[in-house]
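Quick notes on the structure that follows.
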Amino acid sequence: MHLKYESQLREPLVYGEKDFHQVTEDICRPIEAKPSKLWYVGFFIAVALLMFGFYSIYSEVTYGVGQWNLNKTVGWGWDITNFVWWVGIGHAGTLISAILLLFRQGWRTGVNRAAEAMTIFAVMCAGQFPIWHMGRVWMAFFVMPYPNTRGPLWANFNSPLLWDVFAISTYFTVSLLFWYSGLIPDFATIRDRAKTKLRKKLYGIAAFGWTGSTKHWQRHESLSLVLAGLSTPLVLSVHTIVSFDFATSVIPGWHTTIFPPYFVAGAVFSGFAMVQTLMLILRKVYGLEDYITLGHIEAMNKVIVLTGSIVGVAYLTELFMGWYSQNKYEGYTFWYSRANLFSPYGWSYWGMMACNVLSPQIFWFKKMRRNLFVTFFMSIIVNIGMWFERFVIIVTSLYRDYLPSSWSIYYSPTIFEIGFYLGTFGLFFTCFFLFSKYFPVIAIAEIKHVLQTTGESYKEKVGGIEAMQGEEFAHDYAH
Amino acid sequence: MASIRAQFEVPSKTKTWSLALIFIGVLSLIVGFVTKGMSSDEHTKTVFWGTLMYNSIFFTLICNASMFFICATTLAMGGWQIAFRRIPEAISVMVKIFGPITLAILLYVVLVDHNHEIYHWLSEEAKVDPILKGKLGFLNPTFFAIWTTLTIVLWIFLGARMRKLSAECDEAPMDAETGTKFIWRNTVSASLFIVWFALTVASTIPWLWMMSIDAHWYSTMYSWYTFASSFVSGMALVALWVIFLKNKGYLEYANEEHLHDIGKFMFAFSVFWTYLWFSQYMLIWYGNIPEEVVYFKHRVQGAYKGIFFLNLIINFICPLLILMKRSAKRNYTIVTFMAVLIIFGHWIDFYQMVMGSLSKEEVTLGWFDFGIASLFIGMIIFFVSKELAKKPLVMKYHPFLKESIIHHT
Amino acid sequence: MAKKKFVVGCFKEEAVLFPAVKKVRTAGYKIHDVYTPYPVHGLDHALGLRETSLHTAGFIYGITGTTTALSCISWILTSDWPLNFGGKPHFALPAWIPIIFEFTVLLAAVGMVLTFCYLCQLAPFLKKHHFHLRATDDYMVMAIECTAKTNVADLKAFLENAGAFEVNEQEAETQWWLGTYDKDQQLIRDTTIEIA
């Protein structure tokens, strides 16, 4: 048994006088109570949006992609913008649970479950866009590399679009497995507390007969660690491959080598912003302030300012290279189509700069990082900014390219494109509302695991150690 | 309760070895200068200066990576590294010595020698070349000199600030209040260093020092790639010193748990380096634009073919396969071997980044390269061990020391 | 189906559990298992369990994925139906890395999770005996297997001495069976001796 100790200088990750049972009670309470009125209101708004999305897709499938305003050069518009935006949001969950697990950041335990759920729902939303963009969606299975009936003609393995198929589906599968394997012990907790027959039955099925045996925990730990190790390069690869969709082409503004890491940083950035939005609501509605503390919020804001600045360095690098390359097409795209505020889409570039690079810099200040209102506001701003980023990349590079004779008219979306986008919000929030009602929104077993080290009441108990000096301490406790 | 050995004394053998390496280095520098540096053949002279350049840049950056490690872990509120933090601190002092050496070499090449065989943008031709003449706003001797000087001065200055703060841990125990303040001041200093690091290592400096050798060519990834290369070898250097001190019976609090985590850094950043390598290479290969593929053409298909693939095998395949296992990262012998291999591999990487452009037709790797490397390695051994002996090896009163003592992976 | 007799002791703190495990093992009793609400680090070593080799299985699945993807794609694009894509060689390795990587991860992850479920015998609609319902909440439940020679009363007293705050005796099925948790709730034959 190892000494459970951390410096008293660190804020507790769980506040209040809590033992294991209290943790179980606190986290299971919302699941066992009737949903509030607010929950119903939110849920029905989400479902209504989803219905609107269905209608938009129905119309697009029936009448064809012509329902959208895509034109001869802007062949990718809102659809792919939204696709990349949602995929990006879907990166925070795996980042929190995998990379922060490897970096042993204890604070991830408070938010990882909900963030992973969010990841899965965001990837589901993202997947919609390329699928319905195909137009003849009943042919979608053509992307699968199966021994086929189309003659011996196979899918093109050299195409980044096919890489995407593999990347997104692998990412979805692995995230789901990771999330679910973490949920099994928590479902068992709910099962063993259940009062009604239906609950016992359903949570019993979901818990796979988990008992909490030591050997099972040992394997579970090993599984989590390896899945985290696998997910870390995976999460990098997914947005990398999304960036390859653009960067392998020879279109000015798209063909640039920094795209892969810069897309990943941007994805983490927007993902954390979305996690902030959801967590601030969740902790308020479910009274989880003891578990999702200001310390958690501050830590996430630090990640936001870090990734926002990395993205900023990348923007400036690109802009610089647009000039340094002395390539007139690159120069035109970067310095006219984008950075010139008065060009047709200049507003989107400056919107992006303001939201993603400039405004997050307020998180250099501790006061701002710990201010709930500022955090909530900024989380929305960042998500808007990251949407602008994808719009800037896609539309400003496409609407004017090498041949002025093929420059297109100003692209703006139709109601069906907007409706489709709103529909994915419906899908996302419908899933998230159901999740927050029926699933443990905080990883119960993981909180119990860190509770003894970082829980407020436990930290008080080992206060005596704090006064010890290194040498004496090492003598008593070093292994 | 036996007292621990906190005060390092430089073993005489270490001193002898380092002086021997420096002697070999100086000897080859002199011989190299006579046979190559004073040669009337422009190309031979270029090889001489190029070799000095990539060695000094490489060793400066990997020592500076130590300070980056300290600052990054400080900002992340890490506690585990405290048991051995004096080591990256001592290594980062090398920037004070290597920085000015690099500065002198670069300024000589640009300001005194006007060596346009190295920096093509220094030539008269650049003023009429339609592409180069547009770049002269960035690629000009004045800006080069100012920015390079500023960069190195600030690396030294901001690094010294961090080390000064660290000295407070030797003075008196900290209570909760002074401890919190101490951490806060560290955080501020660390962020200043990181911001400057982002503006230099992660963007402008690699463009200016190395990418501009291929004056027409450009790649937005270049700087991040250079950073990854120097950081992973910087971690390997830290690992070597930790193991050296453990072998001499110091660093009681650091054990295989800490080594395991350093090993994880070496493993993870080797993979990260490969990721950046692949992204840059694959995108240029896939796009196949003539002005971009010129960079890889002679490296993949010409004289540098062997170096090119060796680079990939040493820096990717070996760390991936050897460091993957948990037991390997906890084994002193394997980590030592891998650290040496990684440093060598990335030295080769820097070699091909610079010399692959200066001497496209033939690989110049030979006695002179190894001689100069031994000069720098000798200096690292000599000065770092001297630096380690100046302060106690344990940050006795650091608020997170106890966390580091019971650190458990 | 094999029913066995167990003596069960409940603990609330790791600091009590670890010495108890040591005492019980030194006394020669056979610990069937310890059920905990969260992973207690070091407990597997204390119980003398060997390290899991699940990660080795994962490595093998991963390697399988790599070779499968590489061999399939190279066979398809170089011999089954070679096509010229953008003037690239038929064996266009850099362009295949993404799919090879994804497939490696996919196989490793799916394979490991399935192996995990198989090894731990976890599946939906599957039911096991639970020695104490609060083992998934806050109790650490130690089950000791009784043999014909075991003196149950002695063992109970021993456990109490070792720090268990609740001790009882159960006859339990050790294997899983098909069933759902809403039926037959009387899993525990209640012979609890409450001690203060």
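Looking at B:Lys181, B:Lys135, which one is within 14 Å of chain A (Cβ to nearest Cβ) and open to solvent by 50 Å² or more (accessible area, probe 1.4 Å)? Can you show your working first?
On the way: B:Lys135 fails: open to solvent by 50 Å² or more (accessible area, probe 1.4 Å).
When all the criteria are applied, what remains is B:Lys181.
Scanning the stretch C:132-173 for residues that are closer than 20 Å to A:Gln452 by Cβ and either among the hydroxyl-bearing types (Ser, Thr, Tyr) or in a strand (DSSP E or B) (or both) gives C:Thr136, C:Tyr139, C:Met140, C:Val141, C:Met142.
Filtered by the rule that a residue be more than 10 Å from chain B (Cβ to nearest Cβ) and not in a helix (DSSP H, G or I), the stretch A:252-276 gives A:Pro252, A:Gly253.
The one condition from (1) over 30 Å from A:Ile442 (Cβ atoms); (2) under 20 Å from the mean Cα position of the chain (by Cα); (3) open to solvent by 10 Å² or more (accessible area, probe 1.4 Å) that A:Ile281 does not meet is (1). At the interface with chain A (Cβ under 9 Å from one of its Cβ atoms) and either in contact (Cβ under 8 Å) with a residue 40 or more places away in the chain or open to solvent by 20 Å² or more (accessible area, probe 1.4 Å) (or both), is that true of C:Leu49? So C:Leu49 passes the test. Examine the stretch A:238-250 for a residue that is closer than 30 Å to C:Thr36 by Cα, over 17 Å from the mean Cα position of the chain (by Cα) and assigned to a helix (DSSP H, G or I), and state whether such a residue exists. No, because not a single residue in the stretch A:238-250 is closer than 30 Å to C:Thr36 by Cα, over 17 Å from the mean Cα position of the chain (by Cα) and assigned to a helix (DSSP H, G or I).
Assess whether B:Phe33 counts as being among the aromatic types (Phe, Trp, Tyr), free of Cβ contacts under 8 Å to residues at least 24 places away in the same chain and more than 20 Å from B:Phe344 (Cα to Cα).
Working: among the aromatic types (Phe, Trp, Tyr): yes; free of Cβ contacts under 8 Å to residues at least 24 places away in the same chain: yes; more than 20 Å from B:Phe344 (Cα to Cα): yes.
In short, yes.
For B:Gly179, state whether it is farther than 27 Å from A:Phe363 by Cα, in a helix (DSSP H, G or I) and of a type in the set (Gly, Ala, Ser).
Values: farther than 27 Å from A:Phe363 by Cα: no; in a helix (DSSP H, G or I): yes; of a type in the set (Gly, Ala, Ser): yes.
When the stated conditions are applied, B:Gly179 does not pass them.
Considering only residues of the stretch C:2-17 that are farther than 13 Å from C:Met142 by Cβ and aliphatic (A, V, I, L, M), which is nearest to the chain's Cα centre (by Cα)? Here the residue is C:Ala2.
Restrict the check to the stretch A:324-332 and report whether at least one residue is over 30 Å from A:Glu456 (Cα atoms), open to solvent by 20 Å² or more (accessible area, probe 1.4 Å) and not in a helix (DSSP H, G or I). Within the stretch A:324-332 (the criterion being over 30 Å from A:Glu456 (Cα atoms), open to solvent by 20 Å² or more (accessible area, probe 1.4 Å) and not in a helix (DSSP H, G or I)), the answer is yes, since at least one residue qualifies.
Figure legend. Inter-residue proximity from the stretch A:319-338: first residues free of Cβ contacts under 8 Å to residues at least 24 places away in the same chain, second residues among the β-branched types (Val, Ile, Thr), beta-carbon distance below 6 Å, spacing 6+ or different chains. Indicated pairs: A:Gln326/B:Ile131.
For the stretch A:85-100, does any single residue satisfy the condition of being without any contact (Cβ under 8 Å) to a residue 24 or more places away in the chain, open to solvent by less than 40 Å² (accessible area, probe 1.4 Å) and touching a helix residue (DSSP H, G or I) at 6+ places or on another chain (Cβ under 9 Å)?
Residues of the stretch A:85-100 that are without any contact (Cβ under 8 Å) to a residue 24 or more places away in the chain, as a first pass: A:100.
Cutting the leftovers down to open to solvent by less than 40 Å² (accessible area, probe 1.4 Å) gives us A:100.
Then drop every residue that is not touching a helix residue (DSSP H, G or I) at 6+ places or on another chain (Cβ under 9 Å), which leaves A:100.
The answer is yes; a qualifying residue exists.
Just one of (1) aliphatic (A, V, I, L, M); (2) more than 10 Å from every other protein chain (Cβ to nearest Cβ); (3) open to solvent by 10 Å² or more (accessible area, probe 1.4 Å) fails for A:Ala126. It is (3). Checked against (1) more than 14 Å from chain A (Cβ to nearest Cβ); (2) free of Cβ contacts under 8 Å to residues at least 60 places away in the same chain; (3) surrounded by 17 or more Cβ atoms within 10 Å (Cβ to Cβ), C:Leu126 meets all criteria but (1). Select from the stretch B:350-409 the residues that are open to solvent by less than 10 Å² (accessible area, probe 1.4 Å) and in a loop (DSSP other than H, G, I, E, B) and write down the one among them that is nearest to B:Trp224 (Cα to Cα). Across the stretch B:350-409, the extreme among qualifying residues is B:Ser359.
Scanning the stretch A:391-415 for residues that are surrounded by fewer than 21 Cβ atoms within 10 Å (Cβ to Cβ) and assigned to a helix (DSSP H, G or I) returns A:Pro404, A:Ser405, A:Ser406, A:Ile415.
If I filter the stretch A:423-432 for residues that are open to solvent by less than 10 Å² (accessible area, probe 1.4 Å) and more than 26 Å from the chain's Cα centre (by Cα), do I get at least one hit?
Looking for residues that are open to solvent by less than 10 Å² (accessible area, probe 1.4 Å) and more than 26 Å from the chain's Cα centre (by Cα), one finds none in the stretch A:423-432, hence no.
Here A:Tyr315 fulfils each of the conditions (1) within 13 Å of chain B (Cβ to nearest Cβ); (2) hydroxyl-bearing (Ser, Thr, Tyr); (3) farther than 24 Å from A:Tyr411 by Cβ; (4) open to solvent by less than 30 Å² (accessible area, probe 1.4 Å) apart from (3). Checking each residue in the stretch B:203-255 for being open to solvent by 20 Å² or more (accessible area, probe 1.4 Å) and part of a helix (DSSP H, G or I) picks out B:Thr204, B:Trp224, B:Phe227, B:Leu240, B:Phe244, B:Lys246, B:Asn247. Once the stretch A:1-57 is narrowed to residues that are of a type in the set (Gly, Ala, Ser) and either closer than 30 Å to C:Val16 by Cβ or open to solvent by less than 40 Å² (accessible area, probe 1.4 Å) (or both), the residue that is nearest to the chain's Cα centre (by Cα) is A:Ala46. The single condition among (1) out of contact with any Gly (no Cβ under 9 Å at 6 or more places or on another chain); (2) among the polar types (S, T, N, Q); (3) in contact (Cβ under 8 Å) with a residue 60 or more places away in the chain that A:Thr293 does not satisfy is (1). Selection within the stretch A:199-216: residues that are more than 7 Å from chain C (Cβ to nearest Cβ) and either open to solvent by 40 Å² or more (accessible area, probe 1.4 Å) or in contact with a Pro (Cβ under 6 Å, 6 or more places away or on another chain) (or both). The member of this set that is nearest to C:Leu126 (Cα to Cα) is A:Leu202.
Return the residues of the stretch B:45-87 that are within 14 Å of chain A (Cβ to nearest Cβ), polar (S, T, N, Q) and open to solvent by less than 10 Å² (accessible area, probe 1.4 Å); say none if nothing qualifies. Across the stretch B:45-87, the qualifying residue is only B:Gln81. May I ask you to verify whether C:Gly28 is at positive phi, of a type outside the set (D, E, K, R) and at the interface with another protein chain (Cβ under 8 Å from one of its Cβ atoms)? No; evaluated as a whole, the condition is false for this residue.
The values are calculated or read from the model by the stated rules, or taken from the named source; none is laboratory data. Quick caveat: nothing in here was measured; it's all calculated off a predicted structure. Virtual Cβ from ideal backbone geometry, glycine too; neighbours counted across all protein chains shown. When the accessible area is computed, the model is the full protein with side chains, heavy atoms only, and any ligands, DNA or RNA have been set aside. Shrake-Rupley method; radii C 1.70, N 1.55, O 1.52, S 1.80 Å.
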